[in-house]
Amino acid sequence: MAIFSRVTDLLKANINDLIDRAEDPEKMVKQIIIDMEEQLQNAVQGLGSVMASEREMLKKLNEAKDESKLWEGRAKDALKSDNEELAKKAIDKKLTADTSVKQYQKMYDNISSQSETLREQVDLLKKKLVEARARQTMLVARDKVAEARKEVISAVGDLDSSGAFAKMDKMEKKIAEKEAQADAAFDISGMDDEEDDEFEEMENKKVADDELARLKEELSKE
C-alpha cells in the first residue's frame, strides 16, 4: 500500500535534524506538523480500510470453516447410514470448503499483518506529532525572546549612535555653567556680607549688654 511508504518515509526523518538545519526553525516545524497531520489522517483512513478488509476476510474464513465442518458432519452421517455415495459427495463439498479455508486464511494473515504494521506506524506517528508540537511551542517562545532581545539591543545601539548621552552631557555642562554664573552674581551682590554684618552687630550688642550687666552687678555689691 502506498500509505505505508509515505508514513515510513516520514517516520524515518529525524525531526531534530530537520529543524536544526532549517534557516527558519519555526516555519520548518510548522510545515513538518502540517505534513505529519496530513499523513496521520491518511494513515488513519488507510488503517480503517485495512481493518474493514480484515474483518470481512475473517468473516469469510469463519464461514468457510463452518461449511467444512458442516460437510464433514454430513459425510459422517451418510457413512453411519451406510450411504457411501452420499458421503463422497459430502466429502467433495468439504474439500472445496477446505480449499477456501486455506485461501481465506492466507489472505487474512496477510491483511492482518499489514493492519498490525500500519497500526504501529500510526501510533508512532502520533507520538512524533506530539513531539513536534511540543518543539513548536518551545521554538515560538525562544523566537519571541530572541526578537525582544534584538529590539532592546537595537534600541541601545540607536541611543549610542545618535549621541543621546553625549547631548545630555553637553546640556548638563551648560546648566553647570549657568549655576556657576548665578553663584558668582550672588557673591558680587554682597548679600552674604550684609547678612554677616547683621549677625556680627547682633553678637557685638549681646557682648556689650553682658558686660554692662556684669558691671552693674559689681557696683551693687560695693
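Throughout, read-outs are computed from the coordinates displayed, never taken from laboratory work. Keep in mind that what you see is a predicted model, and the values were worked out from it rather than measured. All Cβ positions, glycine included, derive from the backbone under ideal geometry; neighbour counts span all protein chains shown.
A few points about this structure:
- Over 27 Å between alpha carbons, listed pairs 144/170; 59/127; 27/126; 30/126; 59/128: 144/170; 59/127; 59/128
- Candidate lysines - alpha carbon under 20 Å from residue 76, same-chain residues fewer than 8 apart omitted: 65, 88, 89, 93, 94
- Estimated from the Cβ-Cβ distance and a Förster radius of 35 angstrom, the FRET efficiency linking residue 86 and residue 60 is about 0.80.
- Under 26 Å from the Cα of residue 206 - lysines, other chains or at least 8 residues apart: 216, 221
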